[in-house]
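Structure, as C-alpha cells:
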Amino acid sequence: MKAKADFSGDAAPRKRVRRGIEGWRTLISQQRASGETVDAFCAARGIPRSSFSKWRNRLESTSATQFLPVAVRSANSATAGLGEQLGPVPVRLSPAAANRLLDAIIARLAESL
C-alpha cells in the first residue's frame, strides 16, 4: 500500500478506492450540484483530479452516442408498439414494453440533469 507523507515525518497509509461506473456518475453529479470547482471537490474527498476528469470525459462522450433514432410514422403506430430495423434484424416491441423502455430512458435522462 502506498504511503502518503505528511509534514510530521510519519507516513499515513493511503487507501485506494475502486468505484464502478455508477459511483463515478454519482460523484460527477455531486460535484456539479455542490458548486465547488473540480479541484476543490476532488481535494476535499481525496479523489485524484486526473481520475475524476478521465471518468467525466468518458461518461460524457459515451452518453450521447448510445441512442438510436426512432421515427413515429403515424398516430396509429402508438397502438402498434415500437419498431425499428437494426441491420438485417427487425425489432418490434409491444406497446407495454415500448412504454417501459421509454419510461426508463426518460428516468435515465432526468438523472443526468
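Every number here is computed from the coordinates shown, using simple stated rules; none is lab data. Keep in mind the model is a prediction, meaning the values are calculated, not measured. Note: ideal-geometry Cβ built from the backbone for every residue, glycine included; neighbour counts use all protein chains shown.
How many residues does region 88-108 hold that are surrounded by 13 or more Cβ atoms within 10 Å (Cβ to Cβ) and outside any helix (DSSP H, G or I)?
Within region 88-108, residues that are surrounded by 13 or more Cβ atoms within 10 Å (Cβ to Cβ) and outside any helix (DSSP H, G or I) number 1.
It is to be established whether one or more residues within region 28-37 are buried (at least 17 other Cβ atoms within 10 Å of the Cβ), without any contact (Cβ under 8 Å) to a residue 24 or more places away in the chain and closer than 17 Å to E111 by Cβ.
yes
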